[in-house]
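Reviewing the structure listed below.
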Amino acid sequence: MGKQSTRVVILNQYYVPDVASTGHLLHELAVELAQLGFEVEVLTGRPSYGPPDTWQDCPLREEVDGVKVRRLKVARFDKNNLAGRAFNYLTFVVPMILTVLFTSRKDTVYLYTTNPPFLGAIGWFVSLFRRHHYVTLLHDAHPQLGVWVGTFKKGSLIERVWMALNRRKYKRTDEAIVLCSAAKKLVAETYPITPEHIHVIPNWADGEDLYPKKKEDSEIAREQGFIDDFVLLYSGNMGLYYDFETVLGAAKLLEHEPFKLVLVGGGGKKAHIEEHIRANNMTNVVLLPYQPFEKLNDSLNACDASLVTIAKGIEGISFPSKLYTSLAVGKAIVALSEEWSELREIVEGTTCGIWSALGDSQGLADKLRGLIHDKQKTAAMGSSARKVFEEGYTRQVCAAKYAEVLKLADPQFSAEETRERRSKLAEWLAGGAAVVTHHEHEQPSERAKESA
């Protein structure tokens, strides 16, 4: 008797048409899994992430792009208010627990995200009462992130309770997915799960919506007068997780060069950056607001190189998704991180850009001068960036890897089949050959062959 389609339920608080980025990523994943032959369902809440004018009306049950979607009626108080956010979580988590507890199927694999951060604890709780197969997807590591930003202290009651829930979650999870090697190390050293059950699969970008375009062809570059100067662009959240002091120091050192630093977006550090620019009378730094999605590709291409940065102590707790969009548009990457960083390994190992240490403004300025005065070298790095993207960071490549991890948790496969799949997947994730990606035949699908 042939194997049945792997049945997957993805659980996350947000899903399209909500504006949260995780909702869009999981939508793309769900659609790709459905196209790979999976039976996919999403359990989520009604739109509530952004401002009220973004809350589109949508049915509580629908099927879109081959994916069944069930939405829970959640409260939608201001998430910037701690009490409001807590009540929103409560009205989402309690119905979610009851829904999964009473509808969980033993032939189904449940994919728990970290949105809300403690969502995976539902998997542990349900597994106490029912046969429940689940995979944990770690986007941001909590409570480590809360300790890092100073929301609460290490050793506090909230941190200890959270850690206790995490230990139980990982003890019973079938598999875990993380975004980078540092996150794998963190999970393996902190929780009761062996490294072979932790799989590094990065996030991705849409290579059809985001694609290389010459700076001269960018409408924003022409409007802003970016054509004649070398432009280093950062686009996204200027938050606490990212280092801007180093690049601002380098920009000051390059004030007599044909160089502009362009920062697009908003976030917790934007006011500090604005004050730094005023205090240092910097004329080669440009701040622009977030660009609408329909202008995103044009905006990301309004430069010669793209800045990707991550603050000290944060890699493993989080990872900069900006890397994937920067690779997609084929711009040379300028990476700022700690010396041991995987971000550095990717950029230097694929010759798609340059790396500089956090705090070394002089070293960064020297390396940027090399790009400013060698347009051919910069362009070659950009070409390498798009190639790196197509080989490892498209949604098709990443979804094929997710498919294999989810099948490891599928109870219809025997222990021997699962061991074989695990071995092939480990080889693939380490850069080896393609593995099985079709649920009916013991051979790689055409998509997997193309993606590997």
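Read the figures in this text as sums done on the coordinates, not as results from a lab. The model shown is predicted, which means the values in this text are computed figures rather than measured ones. Please note: Cβ atoms are built from the backbone with ideal geometry, for glycine as well, and neighbour counts cover all protein chains shown.
Report for the chain the percent antiparallel among DSSP-assigned beta bridges with both residues inside it, nearest 5. Please report the intermediate quantities before stating the final value.
Working: 4 of 55 bridges.
DSSP beta bridges in the chain are roughly 5 percent antiparallel.
Within segment 92-169, which chymotrypsin sites (Phe, Trp or Tyr not before Pro) sit in a loop by DSSP and count at most 11 neighbouring Cβ atoms inside 10 Å?
Those satisfying the criteria are Phe129.
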_Which listed pairs, of Lys260/Lys322; Lys184/Lys312; Lys73/Lys322; Lys213/Lys377; Lys215/Lys312; Lys322/Lys367, have C-alpha distances above 24 Å, in listed order_ = Lys73/Lys322; Lys215/Lys312
*asked:* 7 Å from Cα along Cα→Cβ at both Arg369 and Lys106: what's the point-to-point distance in nm?
replied: 7.0
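If you take the square roots of the eigenvalues of the alpha-carbon gyration tensor of segment 1-60 and sort them as a ≥ b ≥ c, do you get rounded (a/c under 1.5), prolate (a/b over b/c) or oblate?
Working: a/c = 3.37, a/b = 2.66, b/c = 1.27.
Prolate, because a/c is 1.5 or more and a/b exceeds b/c.
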*Taking only DSSP H segments of four or more residues, each worth -39500 (n - 2.57), what value at 222 nm results for the chain once the sum is divided by all its residues, to the nearest 500 deg cm²/dmol?*
-12500 deg cm²/dmol
*Round to a whole angstrom and tell me the spacing of the C-alpha centers of segment 388-407 and segment 1-76.*
19
*Residues of type aspartates and glutamates that Lys214 reaches as a straight line, Cα spacing below 17 Å, ignoring anything fewer than 8 places off in the same chain*: Glu223, Asp228, Asp229, Asp298, Asp304, Asp374
*Beyond 19 Å, what share of the Cα-Cα pairs of segment 246-334 is found? Please give it as a whole percent.*
46
*Could you pull out every whole DSSP H run in the chain that spans at least 27 Å of Cα extent along its own axis and averages 0.0 or higher on the Kyte-Doolittle scale?*
82-103
*Give, as a single signed number, the net charge of other residues whose beta carbon lies under 13 Å from the beta carbon of Arg130, with Lys and Arg counted +1 and Asp and Glu -1.*
+3
*asked:* If Rh is defined by the Kirkwood formula over all Cα pairs and Rg also comes from Cα, what ratio Rg/Rh do you get for segment 7-200?
replied: 0.95
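For Leu327, Leu82, Leu165, which order do you get if you count the other beta carbons within 10 Å of each Cβ and list the fewest first? Write down the numbers at each step before the final one.
Details: Leu327 33, Leu82 10, Leu165 17.
So the ranking, lowest neighbour count to highest, is Leu82, Leu165, Leu327.
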*What range in the chain is the longest one free of GluC sites (Glu not before Pro) that are in a loop by DSSP and have at most 16 other Cβ atoms within 10 angstrom?*
1-207
*What is the local net charge at Ala311, summed over the other residues whose Cβ is closer than 12 Å to its Cβ (Lys, Arg +1; Asp, Glu -1)?*
-2
*For every other residue with a beta carbon closer than 15 angstrom to the beta carbon of Phe226, add +1 if it is Lys or Arg and -1 if Asp or Glu, then tell me the sum.*
-1
*Considering Cα pairs under 8 angstrom that are at least six residues apart, work out the relative contact order of segment 215-392 and quote it in whole percent.*
24
*List the chymotrypsin sites (Phe, Trp or Tyr not before Pro) in segment 318-397 that DSSP assigns to loop (not H, G, I, E or B) and whose Cβ has at most 12 other Cβ atoms within 10 Å. Which are they?*
Trp340
*What's the Kirkwood radius of segment 69-171 in Å, using all Cα pairs?*
14.8
*Rounded to the nearest 20 debye, dipole of the chain from Cβ charges on Lys, Arg, Asp, Glu*: 1660
*Under 5 Å between amide H atoms, partner at least 5 residues away or on a different chain: which partners does Val286 have, H built in plane at 1.01 Å?*
Leu261, Val262, Leu263
